[in-house]
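Working notes, beginning with the structure itself.
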Amino acid sequence: MSHTSILDRWADQVERRAAAPALATAERDWSHRELADLATGLRARLADGTGPVLVACADPVPVVAAVLACAATGRPFAPVDTRQPAARWTAVLEDLGPGTVLADAPGRAALAAAGHGELPLLDAESVTPLPWAAEDWRGLTGPDAGYVYFTSGTTGRPKGIRGGFEAVAHFLDWELAEFAVAPGTRVSMLTSPGFDAFLRDALVPLCAGGTAVLPAPGPIPVGAALGRWLAEQRIELLHCVPTVFRTLRAAGLTTGSLPDLRAALLAGEPVRPADITWWRGLFGSDKELVNLYGPSETTMTKVFRRLTAEDAEAETVPAGTPMPGVEVAVLAAGRPVTEAIGEIEIRTPFPLRGYLGGAAGGFVGTDRYRTGDLGRLRADGTLEVLGRRDQQVKVNGARVELGEIEDLLRRHPGVADVCAALVEEADGEPVLCAYLVAAAVTDEELREYAAEGLPAAARPARYLRLAAIPRTLSGKADRRALPSPAALAGRTGEQPLDGLEAGIAELWCELLHLPAVGRHDDFALLGGDSLGIARLLDGLRTRFGVEVPLRVYVGAPTVAGLAAAVAAGRDGSGDGASPAGERR
């Protein structure tokens, strides 16, 4: 399948299943024909322009239409997360030099707030659908202009990764066949448009005549909310990061839960043996658990494994074996080795396009990429991924450069020294921490400062004070000697009251991996990120039987405030809080 054959396959499905749902959103279903008409209208607006198309839309629907329209017009596209800070907007615009900026209302507001109001803007809402005709989309001979996705860079500036539809087509051929994706298959779409996995979530169902299912706008559902969404939406294939998947353990699933789900495909972070034990304990081999591995530089998945009971006993869950046409090697001193640790190199059956601007990075020749990941290749060809050679980590599936965080925080006048680290404590999710030698600067000030220069995934969840950063004899920061967040944490402020406050404080401690919290502490200032907030609201629902909306949390993000909201919800007098299950 080439870049044009993606459009050919999609056009076949539009013809055969015109009225069937292509995108299922919380507001409405978009049929295959309605999406095709929107893509046709957008194609007409883009046809006369030149240069890359920056797609700055919070709504995924126009992003999907833009992917199709750009493939047909031969213009590269670059989707971004509209929530990125001003400095990142500036870097993206400078490096990409877009000829058109497709933006919806949130995207336009973000660009204006970042000081970029004077751009060649195309309002997504102004695009009028036009009648779609199959012959206008089949057999196209234009160039494969491809795409650009921006990720964290070691210098503090985002890197633009260039990719082509030929690479996407190789992946689509594999997943469609490997997991029997067919007309009507319902596939989850939980990925932000700013990540290349968005192409997977959209194009896999579209090219099979299936449906990409989107949750309601806002934080992605987790825990019991995720379990309900999967069941209500009859999801058959779930794509997500292990951090999100793991929240299902609090959803109260039974062997009869999620009757439509066939497979959960996990990527972006390591899978743990305990994940396999729990999942197979519930469902046996009826619902597959699949590990996926592959960097954005080589376009999504390149190595996969259907996880077995044997993998649950392994010290390291295997990444798997290469998909067809892909070769994987582990290099030590530049030479391939087996049963030894080295750097993972991937060779693809299609040309790799490198970085925007031509930086070499890990690219070797036209079809090989040295990932910077450490791994081991078993004698049977199974790959294990063991960590990173550099300071890059994964936070909720997003790549984060620790050096980027440190570089930004060192510029704050109140920070004398800093060391960033991803800290994983017993039975907890990894926490992105900034260890600081700092003067009189508050966590709130640091969070505001970080929000101005770092993408959401790279903003530390915890700011921890030290008298000095521990260092090796060579003077480098010694991350292994950093104390755990729990060792530095103490009870802050007034203790929670017995009863409801104590119960909510216990939930906080579990989610934030703290020994104690105060009744007036702010959840976000103690390290609660957007996923943590979603897990908190889910925990309030399951433990206390009360639905606390996000806006109520924002107004009272403390133990005492949430206890009042839960109490009011129980007696029916709350401003927005309601008994779980009651819809407002």
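Values as computed for the structure displayed
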read-out	value
Residue list for the stretch 166-178, filter: of a type in the set (A, V, I, L, M, F, W, C) and either at positive phi or open to solvent by 30 Å² or more (accessible area, probe 1.4 Å) (or both)	Ala177
Val181 vs. criteria open to solvent by 10 Å² or more (accessible area, probe 1.4 Å), under 18 Å from Phe304 (Cβ atoms) and of a type in the set (A, V, I, L, M)	yes
Within the stretch 373-405, considering residues that are among the acidic types (Asp, Glu) and touching a strand residue (DSSP E or B) at 6+ places or on another chain (Cβ under 6 Å), the one modelled with the lowest pLDDT	Asp390
Checklist (1) modelled with pLDDT under 95; (2) farther than 24 Å from Leu422 by Cα; (3) crowded, with 21+ Cβ neighbours inside 10 Å applied to Leu258, failing item	(1)
Residue that is nearest to the chain's Cα centre (by Cα), among those in the stretch 360-386 that are among the hydrophobic types (A, V, I, L, M, F, W, C) and open to solvent by 60 Å² or more (accessible area, probe 1.4 Å)	Leu386
Candidate set: the stretch 476-492, residues that are open to solvent by less than 80 Å² (accessible area, probe 1.4 Å) and not in a helix (DSSP H, G or I); chosen: the one modelled with the lowest pLDDT	Gly490
Index of the failed condition, Val92 passing every other in (1) closer than 20 Å to Lys159 by Cα; (2) assigned to a loop (DSSP other than H, G, I, E, B)	(2)
Residue ID - nearest to Ala177 (Cα to Cα), chosen from residues in the stretch 299-326 that are in contact with a helix residue (DSSP H, G or I) (Cβ under 9 Å, 6 or more places away or on another chain) and among the small types (Gly, Ala, Ser)	Gly325
Pairs with Cβ under 6 Å, 6+ apart, first in the stretch 533-562 and closer than 12 Å to Ser578 by Cα, second part of a helix (DSSP H, G or I) and open to solvent by less than 40 Å² (accessible area, probe 1.4 Å)	Phe544/Val566; Val546/Val566; Val546/Gly569; Glu547/Arg541; Val548/Leu537; Val548/Leu540; Val548/Ala565; Val552/Ala565
All positions within the stretch 3-37 that are in a loop (DSSP other than H, G, I, E, B) and either of a type outside the set (A, V, I, L, M) or out of contact with any strand residue (DSSP E or B) (no Cβ under 8 Å at 6 or more places or on another chain) (or both)	Arg17, Thr25, Ala26, Glu27, Arg28
Matching residues, the stretch 334-349, being under 26 Å from Ala167 (Cα atoms), open to solvent by 50 Å² or more (accessible area, probe 1.4 Å) and assigned to a strand (DSSP E or B)	Pro336, Arg347
Residue count, the stretch 353-372 (criterion: touching a strand residue (DSSP E or B) at 6+ places or on another chain (Cβ under 6 Å) and in a loop (DSSP other than H, G, I, E, B))	6
Failed item, numbered, when Pro270 is tested on (1) within 15 Å of the chain's Cα centre (by Cα); (2) of a type outside the set (Asp, Glu); (3) closer than 30 Å to Pro21 by Cα; (4) open to solvent by 10 Å² or more (accessible area, probe 1.4 Å)	(3)
Residue match in the stretch 128-149 (condition: of a type in the set (Ser, Thr, Tyr) and under 27 Å from the mean Cα position of the chain (by Cα))	yes
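The values are calculated or read from the model by the stated rules, or taken from the named source; none is laboratory data. Quick caveat: nothing in here was measured; it's all calculated off a predicted structure. Here Cβ is always computed from backbone atoms with ideal geometry, including for glycine, and neighbour counts include all displayed protein chains. For accessibility, only protein heavy atoms count, side chains too; no ligands or nucleic acids. Shrake-Rupley method; radii C 1.70, N 1.55, O 1.52, S 1.80 Å.
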